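Where a number appears in this text, it was derived from the coordinates with a stated rule and is not lab data. These numbers were taken from a predicted model, which means no experiment stands behind them. Using ideal geometry, Cβ is built from the backbone for each residue, glycine included, and neighbour counts are taken over all protein chains shown.
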């Protein structure tokens, strides 16, 4: 089954060449980068951050972190973006992946529990006995739901949890098959702007806001691939800085790349603003708290020692 999944993943790879010029020692390297819903491609393209790379970048598109991380585990991609919860699930399931870079996200509206606009549900406590989808198992949506239920004095068994892929969850919320949906941008933005969904609880105070670039360990062990990934991280962090002052340009590129409506693209671009950061002891400790919570909830297969799974590629200086 896993071979079938990886073969399907390989077929999904979108050969979007960021650049093939530059030559140099990395001229023969192709860096395969996993993206979710086109957000990172739009960011890097808008910032021009990959102009002049001495290696080729091929993008692979995924609807969520779980299939991206499975592709990373199998070596179908070299590096890819994922939130804290799915990263931890992957680390607990395999020794083939390491955390390579981190970024922080102060605006939490993109990760939220949603209800229909006219829903009688006003608080998380009102979810008792209701059907809720935290999107995929082990996702940031799953983690947010578990934390929000705990905050409201509810156990996971107090609600009817149904794991659904984003497209299916959106349809279920619109049809009334589920009462609430815990998810992330761009799906949150689409639900808000196109279906009029209302945020019941965002991630403020419940989730870390950390996002990671995770890497395949075989790729990290290859000196040329590792050098290319380190350069990619530097360019990626530069693009994150660019987005803080160029929201309109970021919105335009994201709109062109994904064909999403402008109100959705604008909201995603505004909330996607993050800042690259070295993986400090404080970052490790924050992620360890999330890992311990997820293990306590019974989601992680086994405990994760975060400090043992970090290979920080964040270059010193600009």
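Convex hull volume of the C-alpha atoms in region 111-202, normalised per residue: 76 Å³.
For region 244-307, relative contact order (Cα pairs under 8 Å, six or more residues apart, normalised by length) works out to 23 percent. Against the main long axis of the alpha-carbon atoms of the chain, helix 247-258 sits at an angle near 90°. For a quick check, take a GNM of the chain with Cα springs below 10 Å and name the residue from 200, 68, 91 with the largest mean-square fluctuation. Result: 200 has the largest fluctuation of those listed.
The value for region 218-315 of Rg(Cα) / (2.2 N^0.38 Å) is 1.39. Estimated from helices alone, the mean residue ellipticity of the chain at 222 nm is -13000 deg cm²/dmol (sum of -39500 (n - 2.57) over DSSP H runs with n ≥ 4, per residue). Diffusion coefficient of the chain by Stokes-Einstein, Kirkwood radius over Cα pairs, 37 °C, 0.692 mPa s: 166 µm²/s.
Label-to-label distance, residue 292 versus residue 163, with points set 7 angstrom from Cα along the beta-carbon direction: 2.6 nm. The DSSP beta bridges internal to the chain are antiparallel in roughly 65% of cases.
In the chain, the longest principal axis of the Cα atoms and the axis of helix 223-245 are about 60 degrees apart.
Summary value for the chain: 25 percent relative contact order, contacts being C-alpha pairs under 8 angstrom separated by 6+ residues. Both radii come from the Cα set of region 188-269: Rg as radius of gyration, Rh as Kirkwood radius; their ratio Rg/Rh reads 1.08.
How high is the relative contact order of region 129-232, given as a whole-number percent (alpha carbon pairs under 8 Å, six or more residues apart)? About 30 percent, as a whole number. Axis angle, to the nearest 10 degrees, between helix 166-175 and the longest C-alpha principal axis of the chain: 20 degrees.
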